[in-house]
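Okay, structure first, notes after.
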Amino acid sequence: MESRYNPAAIEEKWQKTWTEQGLDKTITDSNKPKYYALSMFPYPSGSLHMGHVRNYTITDVIARLKRMQGYRVLHPMGWDAFGLPAENAAIDRGIPPAKWTYENMAQMQQQLKRLGLSIDWDCELATCSPDYYKWTQWIFLQFLKAGLAYQKEAAVNWDPIDQTVVANEQVDGEGRSWRSGAKVERKLLRQWFLKITDYAEELLNDLNKLPGWPERVKLMQANWIGKSTGAYLEFPIVGMEEKIGVYTTRPDTVFGVSYVVLAPEHPLTKRVATQEREAEVEAFIQEVSNQSELERTAEDKPKRGIPTGGKAINPFTGEEIPIWIADYVLYEYGTGAVMGVPAHDARDFKFAKEQNLPIKVVIVPQAEADKDSTPQAAYTEPGIVVNSGQFDGMASTDAKSAIVEYAEKQSFGKARVQYRLRDWLISRQRYWGAPIPVIHCPNCGTVPVPEEDLPVQLPENVEFSGRGPSPLAKLENWVNVPCPTCGTPAKRETDTMDTFIDSSWYFLRFTDAKNEQQVFDSAKTNDWMPVDQYVGGIEHAILHLLYSRFFTKVLRDRGLLNFDEPFQRLLTQGMVQGLTYLNPNKSGKDKWIPSYLVSNPNDPRDPQTGELLQRLYATMSKSKGNGVAPEEVISKYGVDTARMFILFKAPPEKDLEWDEADVEGQFRFLNRVWRLVTDFTPQSRKVSNRQTQLSKAEKDLRRAIHIAIKEATEDMEGEYQFNTAVSELMKLSNALADASCKESPIYAEGIETLVVLLAPFAPHISEELWQQLGHNESVHKQAWIKYDESALVADEITLVIQVNGKKRADLQVPAQADKAELEKYARESEIVQRFLEGKEIKKVIVVPGKLVNFVLG
């Protein structure tokens, strides 16, 4: 038996053994209840960081616990492998994206295996593999068949130097392209969309079916969907047959409209411009086209606009009002036009004041309020309607429906429910993504690639320059193909799909990952799904989760699935933060000073300028110089210590501050457990719970054992308070260390219980100690221990005795003593009698099971 805890040797030994034994393979015994534990799969960047370690360790503890509780567990892993970084690597390093990606995947797989994660690697998938994206393309065709995929012109970010589309994440805060540094322009291109808006109401309502999700995540999704109830109103254009349609949630303010604003891209913009204003309008449109969406909508940016010279008519008043164009109105949002009501909208008020436009009050707090005063700010609360013709005197809440009803009768408006959610733009003018499986024929139009011809594979002989259109568009042999319908020379679609597509269904493929004949066997998928516990970062709280819910509902409606929601429970783990220092007088990356450059932590100074620094914990990153590589920790302390620290330091949903002193504390704890077990004498290993006469020491120890089982189990379920569960294991180890009955079977019970309870958290040391206790089968195949209710009942309790509220003594008394008996025991205490002698007892307060307080006169 080893006398010293050697993490590296133990971890290498058991990781190899588990692989040989197939311990982590998914059990398919349908007689057992299923449990699907899933972490959000990573992008293969090449190296794990502490955020990965935290995410996957949390899920692994849940998976290990559920196996021991008798569930058949699916705990898979894969790679979100398409995306821009691989293409950037190809440009910068001259490495093909596939080579770079697959090398990173291999490296990260080894890192994950070293963490002792009980992952079934037989289920592994990579979204960039043809045997995966074949089915991504097949799913796209299902959307096309259902009328949920379509093309239309949409604004994109255009780099005028590189002559290519750049994604939002490639545009900096100043609106410049990441690569060329050019100011990004807005340009209309034909794009592919998925009609997620068709499911907006169901996506919103079904949030009520997710009690296992954090409330803040559900609120974020609800706000992103953004349901609002209002009215669609049409403003006729003077001298034209066309009308300007607007959507408003405040139809009660329509009599206060003093202007209408069009988005510069709106198709009516140039038509409504008068001859005198044409040149200025054209120049403004061109200027705005050079701004990113972020620049145009930022709250801290001034709102700019110019009049077109055109006029519209307020259909409720008959008044002519000016038509303006402004940068803050986007054509992609709503109708691309808004009605300006300065008195009752803060943005309109600011714009009207800047442009000297009329401000007309139509809602006031009280009916008798001054109707003609000039407002100093927009009044946006409910109130009484004024200056609104037949609707005067009505409560504004009632006026909304009355005005909409009037508009419907007069045929210039109607009630409308609208969503902030827009259809999902999935086109990417890049190479490293799943090709969109359609062919454009001059005769037949857009033709889907026949399913038997899938996958449409990405060609590998591609040149990367970072300039011009997608590299695919340059491959004539790949682009030029006959139309599948009529045989006419046609062209492939050269756009690839948004990588959010890949991650919107991967959890379904995991249930039948190697199926070559179909996207998945519905029977298998319906058996395993929905995911019982999903774990991932809060940064995916909106888009990834929303798109995954959307895909699930569409595939359900296509007859492939029999459930509505993909993830029953969601845990959004906090970030891992490291110590760093901030120089508030600097900007950019230079403001961060790594801790190793600070010579005196008690008086932290910038090593270059001598300025005083702010000490803080921030999310680990290279730019802040506060990252800790998992390899550093593992090589020094071992995997189990890293896992224990990650789990003990903070509750899973809270941010975690990295502190090596706490890491060392967990290492010391595991060493304590090691010594407890290895010092355990062989002749005392027979476990028995059926003692008829236990000594007080044995009873106390057995109670400590079963309290630990009860508390740790409750902490590991429910809200997953792993930090307090680890605390229970520490309490049990202390009770065992202090026990005076080490030759008792109860002590043996405690030792084995400690190892079993430790197994999900620290799998390697637990396995080694379990074998040293004489067991042949893996500890991870043991049934999870259930606590004995009778063991929790104490024979005696510690009674606190107070005099005038101050503690004077502790007393061991029978646990079942009633109030009268407790008072009697307290009065008879020699210590207390000294405080009571010669004093008048005005009152005695007895709290059963806790204390007796004597109140003296």
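Roughly how tilted is helix 278-289, in degrees to the nearest 10 and between 0 and 90, from the longest Cα axis of the chain? So the helix axis and the longest Cα principal axis differ by about 20 degrees.
Per residue, what volume in Å³ does the Cα convex hull of the chain take up?
Details: hull volume 228.5 nm³, N = 857.
Expressed per residue, the convex hull around the Cα atoms of the chain is 267 Å³.
Using θ = phi - 60° in the Karplus curve 6.51 cos²θ - 1.76 cosθ + 1.60, the 3J(HN,Hα) couplings for segment 522-531 round to 4, 4, 5, 5, 5, 6, 7, 7, x, 4 Hz; x is entered for Gly and Pro.
May I ask which of 243/303; 134/624; 66/731; 311/409 have a Cα-Cα span longer than 29 Å here? Don't jump to the answer; show the numbers that get you there.
Working: 243/303 25 Å; 134/624 41 Å; 66/731 23 Å; 311/409 24 Å.
Flagged as over cut-off: 134/624.
Counting DSSP beta bridges with both partners in the chain, what percentage is antiparallel, nearest 5? Please list the in-between numbers first.
Working: 80 of 103 bridges.
The answer is about 80 percent antiparallel.
Give a quick list of GluC sites (Glu not before Pro) in segment 224-317 that DSSP marks as loop, anything other than H, G, I, E or B, with at most 10 other Cβ atoms within 10 Å. The qualifying sites are 241, 299.
Each Cα pair under 8 Å and six or more residues apart adds its sequence gap; the mean of these over the residue count of the chain is a relative contact order of 13 percent.
Starting from 0.36 nm per residue, how many nanometres of slack lie between residue 821 and residue 516 once their C-alpha separation is accounted for?
102.2 nm
Would you list which aspartates and glutamates come within 12 Å of residue 524, measuring only between C-alpha atoms, while excluding same-chain residues fewer than 8 positions from it? Result set, ordered by chain and number: 512.
The tail of the calculated P(r) for segment 745-857 beyond 21 Å holds 55 percent of all Cα-Cα pairs. What translational D, rounded to a whole number of µm²/s, comes out for segment 139-281 from Stokes-Einstein when the hydrodynamic radius is the Kirkwood one over Cα pairs, at 25 °C and 0.890 mPa s? This corresponds to a translational diffusion coefficient of 124 µm²/s. Dividing the radius of gyration of the alpha carbons in segment 28-175 by their Kirkwood radius gives 1.06 for Rg/Rh.
In deg cm²/dmol and to the nearest 500, what is the mean residue ellipticity at 222 nm of the chain if only DSSP H runs of at least 4 residues count, each as -39500 (n - 2.57), divided by the residue total?
Counting only the DSSP helices, I get -10500 deg cm²/dmol.
The alpha-carbon of residue 819 sits under 18 angstrom from the alpha-carbons of these lysines, leaving out residues fewer than 8 places away in its chain: 842, 843, 850. Report relative contact order for segment 660-792 in percent, whole number only (criteria: Cα-Cα under 8 Å, sequence separation at least 6). It rounds to 32 percent for segment 660-792.
Count charges around residue 581 for me, please; just the other residues with Cβ under 10 Å from its Cβ, Lys/Arg as +1, Asp/Glu as -1. So the environment of residue 581 carries a net charge of +3. Spatially, segment 327-370 and segment 391-405 are offset by 18 Å when compared through their Cα centroids.
If you wrap the tightest convex hull around every Cα atom of segment 578-644 and split its volume per residue, you get 100 Å³. Under the combined filter of DSSP loop state and at most 16 neighbouring Cβ atoms within 10 Å, segment 12-48 retains these trypsin sites (Lys or Arg not before Pro): 25.
According to the calculation over all Cα-Cα pairs in segment 528-629, the P(r) per 5 Å bin from zero is 2, 11, 16, 14, 9, 7, 7, 8, 8, 7, 5, 3, 2, 0 %. The Cα atoms of segment 227-419 define a convex hull whose projected area, averaged across directions, is 10.8 nm².
Highest mean first, the peptides 728-735, 808-815 sorted by other C-beta atoms within 10 Å per residue fall in the order 728-735, 808-815.
What are the GluC sites (Glu not before Pro) within segment 770-857 that DSSP puts in a loop, where the Cβ has at most 10 other Cβ atoms within 10 Å? In loop regions of segment 770-857 (DSSP not H, G, I, E or B), the sparsely surrounded GluC sites (Glu not before Pro) are 777, 837, 840.
Dipole of the chain (Lys/Arg Cβ +1, Asp/Glu Cβ -1, origin at the Cα centre): which of 673, 455, 415 lies farthest to the positive side? Farthest along the dipole direction, towards plus: 673.
Taking a straight Cα-Cα cut-off under 23 Å and skipping sequence neighbours fewer than 8 places away in the same chain, the lysines within cross-link reach of residue 622 are 586, 589, 591, 636, 649, 654. On a per residue basis, the convex hull of the C-alpha atoms belonging to segment 587-741 measures out at 159 Å³.
Working note: Cα gyration tensor of segment 258-323, eigenvalues times five, square-rooted, sorted largest first, giving semi-axes of 23, 16, 9 Å.
Entry note, segment 1-105: relative contact order of 31 percent, from Cα contacts under 8 Å with a spacing of 6+ residues.
Peptides 339-350, 40-51 ranked from most to least packed by the mean count of surrounding Cβ atoms within 10 Å: 339-350, 40-51.
Using the scaling law 2.2 N^0.38 Å as the reference, what is the normalised Cα Rg of segment 660-792?
On the way: Rg = 14.2 Å, N = 133, 2.2 N^0.38 = 14.1 Å.
Ratio of Cα Rg to 2.2 N^0.38 Å: 1.00.
Note that segment 746-793, at 10 °C in a medium of 1.306 mPa s, gets a Stokes-Einstein diffusion coefficient of 140 µm²/s from its Kirkwood radius over C-alpha pairs. Here segment 416-562 is treated as a sphere whose radius is the Kirkwood value from Cα pairs; by Stokes-Einstein at 37 °C and 0.692 mPa s it diffuses with a coefficient of 183 µm²/s.
For residue 128, the residues whose amide H sits under 5 Å from its own are 81, 82, ignoring neighbours fewer than 5 places away on the same chain, with H placed 1.01 Å from N. Its Cα centre serving as origin, segment 596-730 has a Cβ charge dipole (Lys and Arg +1, Asp and Glu -1) of approximately 860 debye.
Taken together, the values in this text are just the output of simple stated rules run on the coordinates, not laboratory data. These figures come from a predicted structure and were not determined experimentally. Glycine gets a Cβ as well: all are built from the backbone with ideal geometry, and neighbour counts include every protein chain shown.
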